[in-house]
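Written out below as structure tokens is the structure these notes cover.
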Amino acid sequence: MPLSQPYPDLDELIDSIGEAGQRLNDLKATEGAAGNISIFIGWHVEVQRRFPQVEQIDLPQPAPALAGKVLLVTGSGRRLRDIRTDPAGTLAAVVVNPGGLTAQMYTSPRRLFKRITGEFNTHLAAHQDEVARTNTNFQALVHAQPPNMVYLSHIEAYRDQAFLNRKLLRWQPETIAMLPMGVGVLPFLVPGSAALMEATVSGLREHDIVLWSKHGVISRSEISVDHAADIIEYAEAAARYEYMNLAAGCRAD
């Protein structure tokens, strides 16, 4: 569903990405430079005021549904906790050119990265798929590495999607309310690979959060970046209860 007016301006959107990055850091889900965030913006925003440098880039796969629109994306190797204090050094604005094969990438002179996130192929494909299918004018995608979720995915039984959801959704009513479609589960797939991209796009059609086994999670929201971070926080809270139960000898009924 498209985001309702009045639409947030660029500064508000950047602030929201910074807040989400800090929250994920507080969850210990973004060690070092782990994690990445992107948002699709379907209304006009002026990016050159904040990001005056421009260069053309080839997109990792076609994104015709995004033509003329803006993606705000984190830079590779940058810490999500730094976005709030230094958005100019950590973010890029990508404006997709007509045809969806190339884009103009806008950055700041304070840019501290050589390229945008190495998971950009997955972010781009997920935005392309959602916009083409639903005509939404906003989507946030957040990848993080919450430790309890990742730990459980190292146990074979928890890599079964039905089993994982039975174990996680039992702990709090809020978990079911926030994750009504449950958690999608993927096997371990090489980060940045075409296989991970394709499986994630498919998973996000059915779920608002997908577990990348032995790696992390990715969540989506058409409401806000904060909401995408909320989804991860609820899933990680459930995983923490499940880990506590395992450590206690599975004593909970």
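Of (1) within 22 Å of M105 (Cβ to Cβ); (2) surrounded by fewer than 18 Cβ atoms within 10 Å (Cβ to Cβ); (3) touching a Leu at 6+ places or on another chain (Cβ under 9 Å), V73 satisfies all except one. Which?
(2)
Tally the residues that are of a type in the set (V, I, T), crowded, with 17+ Cβ neighbours inside 10 Å and under 28 Å from I209 (Cα atoms), restricting the search to the stretch 99-134.
Result for the stretch 99-134: 4.
Which ones in the stretch 146-157 are part of a helix (DSSP H, G or I) and either open to solvent by 50 Å² or more (accessible area, probe 1.4 Å) or under 17 Å from I232 (Cβ atoms) (or both)?
Step one: list which residues in the stretch 146-157 are part of a helix (DSSP H, G or I), which gives 147-152, 156-157.
The answer is P147, N148, M149, V150, Y151, L152, E156.
Could you list, in sequence order, all residues of the stretch 24-34 that are open to solvent by 10 Å² or more (accessible area, probe 1.4 Å) and either in contact with a Phe, Trp or Tyr (Cβ under 7 Å, 6 or more places away or on another chain) or assigned to a loop (DSSP other than H, G, I, E, B) (or both)?
L27, K28, E31, G32, A33, A34
Taking only pairs six or more apart or across chains, which ones have beta-carbon atoms under 6 Å, a first residue in the stretch 94-107 that is assigned to a strand (DSSP E or B), and a second residue that is of a type in the set (V, I, T) and open to solvent by 40 Å² or more (accessible area, probe 1.4 Å)?
Q104/V54; Y106/V54
Starting from residues that are assigned to a loop (DSSP other than H, G, I, E, B) and among the hydrophobic types (A, V, I, L, M, F, W, C), keep the ones in the stretch 158-194 and report whichever is surrounded by the fewest Cβ atoms within 10 Å (Cβ to Cβ).
Among those that are assigned to a loop (DSSP other than H, G, I, E, B) and among the hydrophobic types (A, V, I, L, M, F, W, C), it is V190.
Run P109 past the list (1) within 26 Å of G32 (Cβ to Cβ); (2) within 15 Å of the chain's Cα centre (by Cα) and report the number of the one that doesn't hold.
Every listed condition holds for P109 apart from (2).
Kindly indicate whether L124 is closer than 18 Å to I231 by Cβ and of a type outside the set (K, R).
The answer is no for L124.
Is one or more of the residues making up the stretch 15-23 of a type outside the set (A, V, I, L, M, F, W, C), crowded, with 18+ Cβ neighbours inside 10 Å, part of a loop (DSSP other than H, G, I, E, B) and over 13 Å from the mean Cα position of the chain (by Cα)?
no
Among the residues of the stretch 78-85, is there at least one that is more than 20 Å from R220 (Cα to Cα) and part of a helix (DSSP H, G or I)?
yes
Condition first: free of Cβ contacts under 8 Å to residues at least 40 places away in the same chain and aliphatic (A, V, I, L, M). Now tell me which residues in the stretch 163-186 satisfy that.
Within the stretch 163-186, I176, A177, M181, V185, L186 qualify.
Of all residues in the stretch 195-253, count the ones that are open to solvent by less than 20 Å² (accessible area, probe 1.4 Å), of a type outside the set (V, I, T), part of a strand (DSSP E or B) and within 30 Å of D9 (Cβ to Cβ).
2
The values are calculated or read from the model by the stated rules, or taken from the named source; none is laboratory data. This structure is a prediction, so every number in the text was calculated from the model and none was measured. Here Cβ is always computed from backbone atoms with ideal geometry, including for glycine, and neighbour counts include all displayed protein chains. The accessibility values were calculated without ligands, DNA or RNA, using every heavy atom of the protein model including side chains. Shrake-Rupley method; radii C 1.70, N 1.55, O 1.52, S 1.80 Å.
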